[in-house]
Amino acid sequence: MNLSREEIANLIKDLEGKILITTHKNPDGDAIGSSLGWHNFLKRLGKNVKIIYKDRVPFFFDFLPGIEEINVKEEITEEFDWVIITDVSELKRTGFEYIPAKKSIVIDHHITAEPFADYSIVEPEISSTCELSYEIMKLINPALIEYPVALPIYTGIVTDTGKFGYNNTSPTTHKIAAELIEKGIDPYVVTKNIFERNRIQKFKLLELVLKTLDFSIGNKVAHITLFKKFLEESGAYPEESEGFINYPRSIIGVEVAVFFKEIDENYWKVSLRSKGNVNVAEVAKRMGGGGHKMASGFETRCSLEEIKNKLFKELELAIESAEFERMDRLP
C-alpha cells in the first residue's frame with residue numbers, strides 16, 4: 001500500500017513492538033545515512049529498534065553516530081514485529097532471502113521501485129532516501145532530529161547528490177542541507193571523512209582498472225572493468241572503487257559509462273552512468289536491475305562477454321531512442 005508522507009509519518013510514530021531496520025546489500029551513503037538516521041531517530045522516539053545489514057559498512061563511514069550498533073549477519077533469525085527497509089524496494093536487494101517480520105515498510109526514491117512491502121512511500125523526484133526520510137521525520141517530531149540523526153541524513157544527501165552536483169539536487173535539497181547545518185553539522189567533517197581518507201591501495205586499484213578502459217557504440221559508451229584479482233594485487237577493498245565510473249563518464253563524447261565489477265566467477269555487478277540524454281534506469285530494468293535515469297545498475301550471473309553483448313545492444317537502442325527524441329524536440 002502506497003502512503004503519503006503524512007500517512008507514513010503517522011504509521012511510524014505509532015509503531016509498537018520490535019522494529020528492524022535494514023537496507024540494500026553493499027550499502028552506500030544514502031543507504032547507510034537513511035537507515036542509521038532512522039535507527040537513531042526511533043531510539044529517541046522511545047522505540048525498540050535494531051539495525052542489521054547483509055554486508056559490512058565501508059570504513060570511511062565510521063565517523064557516523066551509532067555506526068557501532070549496526071549488526072552484520074548472513075541471515076536474520078530473530079523475529080520482529082516491523083521492518084523498515086530504506087533505499088531499496090525489493091527483498092532480494094537487501095541480500096536476505098527472508099526477513100522475519102510481521103509487517104514491512106519501504107522508504108525509497110528509485111524510479112524503478114516496485115515495493116513488495118505492506119506499506120511504502122517512493123518519491124523518485126527527490127534527491128535521496130535521506131532527504132525523504134528527513135521530511136517524514138519532521139512530520140513526526142522535528143525536535144528529535146538532533147546531531148546523531150542529522151549527521152547520517154546529511155551524509156546520505158551529500159553522497160547521493162554528488163556533493164550537490166547532480167541534477168537530482170533541488171532548491172529544497174539545499175534548504176534541507178542548510179537546516180541540518182543549523183543543527184550543528186560541519187560540512188567539512190563529512191567531506192574529510194568520505195572523500196579525503198584515501199588509502200594508497202585505492203590508487204593502485206584505480207591504475208589497474210583504468211588500464212581496462214575501452215569504448216563501444218561509436219565511442220558513445222566508455223567502459224572499465226574491475227576483475228576480482230585486481231583487489232588481491234592492489235590490496236584495496238571493494239568499496240574503494242566507489243567513484244571510479246566518473247572517469248569514463250567525464251570523457252568528451254561519451255554518453256554512458258559502464259563499470260563491470262567481478263564479484264565471483266561469472267557473477268558481475270554492473271553500474272551505469274549517463275550524462276542525461278540516455279535513460280539508463282530503463283536499460284538496467286531490462287537487465288534485471290534498476291535505479292535512476294542517470295545512475296543505475298544490475299547484477300547478473302554469466303560471462304563478461306555475454307553481459308557485454310546483451311548490454312551494448314540495449315544501450316545502442318537507448319542511445320538511438322534518445323537521439324530521435326532530441327531531434328523531435330528541435331524546432
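The charge dipole of segment 7-71, taken about its Cα centre with unit charges on the Cβ of Lys, Arg, Asp and Glu (plus for the first two, minus for the last two), comes to roughly 200 debye. Using only Cα atoms, find the angle between the long axis of helix 147-160 and the longest principal axis of the chain, and express it within 0 to 90 degrees, rounded to the nearest 10. With rounding to tens, the tilt is 20 degrees. Comparing Asp62, Asp264, Asp160 in a Gaussian network model of the chain where C-alpha atoms under 10 Å apart are linked, the largest mean-square fluctuation is found at Asp264.
Using a/c under 1.5 as the rounded threshold, could you call segment 178-331 rounded, prolate or oblate? The axes a ≥ b ≥ c are square roots of the C-alpha gyration tensor eigenvalues, and prolate needs a/b larger than b/c, oblate otherwise. It comes out oblate by the Cα gyration axes.
Cα centroid separation, segment 123-202 to segment 294-309: 30 Å. Counting only protein heavy atoms and a probe of 1.4 Å, the accessible surface of segment 151-279 is 50% carbon and sulfur.
Per residue, the accessible area of the chain comes to 47 Å², computed with a 1.4 Å probe over protein heavy atoms only. For segment 25-66, the residue among Leu64, Ala31, Val49 whose Cα projects farthest onto the positive side of the dipole built from Cβ charges is Val49. Couplings 3J(HN,Hα) of segment 274-290, computed from phi: 10, 8, x, 6, 9, 7, 6, 5, 5, 4, 4, 4, 5, 9, x, x, x Hz, in residue order, whole Hz [Karplus 6.51 cos²θ - 1.76 cosθ + 1.60, θ = phi - 60°; x for Gly and Pro]. Once a ≥ b ≥ c are taken as the square roots of the eigenvalues of the Cα gyration tensor of segment 77-214, is the result rounded (a/c under 1.5), prolate (a/b larger than b/c) or oblate (a/b not larger than b/c)? It is oblate, given that a/c is not under 1.5 and a/b is not larger than b/c. Please work out whether segment 1-112 counts as rounded, prolate or oblate from its C-alpha gyration tensor, where a ≥ b ≥ c are the square roots of the eigenvalues and a/c under 1.5 means rounded, while otherwise a/b larger than b/c means prolate and anything else oblate? Cα axes put segment 1-112 in the rounded bin. Counting only alpha carbon atoms, the long axis of helix 171-182 and the longest principal axis of the chain meet at about 50°.
Please determine, in degrees from 0 to 90 and to the nearest 10, the orientation of helix 304-329 with respect to the longest principal axis defined by the Cα atoms of the chain, where the helix direction is its Cα long axis. So the helix axis and the longest Cα principal axis differ by about 90 degrees. Taking 10 °C and 1.306 mPa s as conditions, the chain diffuses translationally at an estimated 77 µm²/s according to Stokes-Einstein applied to its Kirkwood radius (Cα pairs). Each of Gly218, Phe203, Tyr247 was placed along the dipole of segment 93-248 (beta-carbon charges, centred on the mean Cα), and the one lying farthest toward the positive end is Phe203.
Between the amide H of Val49 and those of Ile19, distances stay under 5 Å, these residues lying 5 or more places away or on another chain, with hydrogens modeled in the peptide plane. Residues in segment 199-212 carry Karplus couplings, in order, of 7, 4, 4, 4, 6, 5, 5, 4, 4, 5, 5, 5, 5, 8 Hz; the curve used is 6.51 cos²θ - 1.76 cosθ + 1.60 with θ = phi - 60°, and Gly or Pro positions show x.
Proximity of backbone amide H atoms, modeled 1.01 Å from N, is registered between Gly95 and Lys25 at under 5 Å, excluding neighbours fewer than 5 places apart on the same chain. Think of each Lys and Arg Cβ as +1 and each Asp and Glu Cβ as -1; about the Cα centre, that makes the dipole of the chain roughly 460 debye. Karplus-based coupling profile of segment 242-252, in residue order and whole Hz: 4, x, 4, 5, 5, 5, x, 5, 6, 6, 4, with θ = phi - 60° in 6.51 cos²θ - 1.76 cosθ + 1.60 and x standing for Gly or Pro. The count of lysine pairs in segment 85-207 whose Cα atoms are under 15 Å apart, excluding pairs fewer than 8 places apart on the same chain, comes to 5.
The values are calculated or read from the model by the stated rules, or taken from the named source; none is laboratory data. All of these numbers come straight from a predicted model, not from anything done at the bench. Here Cβ is always computed from backbone atoms with ideal geometry, including for glycine, and neighbour counts include all displayed protein chains. Side chains are part of the model used for accessible areas, which takes the heavy atoms of the whole protein and leaves out ligands, DNA and RNA. Shrake-Rupley method; radii C 1.70, N 1.55, O 1.52, S 1.80 Å.
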